[in-house]
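Here, each number is a calculation from the coordinates, and none is a lab measurement. These figures come from a predicted structure and were not determined experimentally. Ideal geometry is used to build each Cβ from the backbone, glycine not excepted, and the neighbour counts take in all protein chains shown.
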Amino acid sequence: MRKNRFFSVLKLILAAIVLLISNNLLAQQQKSVSNSGNDFWRNVQFGGGIGLSLGTGYTDISLAPSAIYNFNEYVALGLGAQYAYIKQKNYYASHLYGGSIIALFNPIQEIQLSAELEELRVNVNLDGSSNNSQDYWNTGLFLGAGYRTGNVTIGARYNVLNDTNDIYGSAFMPFVRVYF
């Protein structure tokens, strides 16, 4: 059942992306041949996140680089990768890694709407027991909104595929997004 829901949502996202891209492709613009190679990189922005959380017997380290391509001032599409190591002393150690596709829409300069499809491989090893290790894929579809100023967006996102087996503590998550 969850797999069917995932593919239905994926088809919907891909249809929306095709519509957004086709709208940009139909726009007629005159470009010189000499600048066409450089135009691509002028529209690319890099960003991501780095996280470190340390406590008594607890470690959480994460790295999540990403890049987006701005089709125009309203629409951007990008890819991201992520890795996280989480350890609770005498309880478990976990590695999470995977990727994501993100679509950004800016109806006005200060508002950013987003849709992000994330697929993570989760490896959990419980201390003291090799039989209780878990390896599985976790899919998240986050819909978000934020306030944008310059290259920084502050907002919140909601995982519409959240269920009781999800790796996140809550379907609702705040975020800070930065692209240079």
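Please give the FRET efficiency for Ala156 paired with Trp41, using the beta carbon to beta carbon distance and R0 = 45 Å, rounded to the nearest 0.05. Mind showing how you got there, number by number?
Details: r = 31 Å, r/R0 = 0.70.
With a Förster radius of 45 Å, E is 0.90.
Would you mind checking which residues have amide H under 5 Å from Val75's amide H? H placed 1.01 Å from N; only 5 or more apart, or other chain.
Sorted by chain and number, the residues that satisfy this are Asn106.
Please identify the GluC sites (Glu not before Pro) of segment 75-180 that satisfy two criteria: DSSP loop assignment and at most 16 other Cβ atoms within 10 Å. Which are they?
Here the GluC sites (Glu not before Pro) that fit, given the DSSP loop and packing criteria, are Glu110.
Using a simple charge model, +1 on the beta-carbon of Lys and Arg, -1 on the beta-carbon of Asp and Glu, nothing else, what dipole does segment 98-165 show about its Cα centre, in debye to the nearest 20?
220 debye
Give me a comma-separated list of calculated 3J(HN,Hα) values for segment 167-180, in order, Karplus coefficients 6.51, -1.76, 1.60 applied at θ = phi - 60°, integers in Hz, x for any Gly or Pro.
7, 8, x, 8, 6, 9, 9, x, 8, 10, 10, 10, 10, 10
Length gain on complete extension for the stretch Gln109 to Ala67, per 0.36 nm per residue less the alpha carbon to alpha carbon distance?
Extra length from Gln109 to Ala67 when fully extended: 13.2 nm.
Rounded if a/c is under 1.5, else prolate if a/b is larger than b/c, else oblate: which is segment 59-174, with a ≥ b ≥ c the root eigenvalues of its Cα gyration tensor? Write down the numbers at each step before the final one.
Values: a/c = 2.53, a/b = 2.40, b/c = 1.05.
Prolate, because a/c is 1.5 or more and a/b exceeds b/c.
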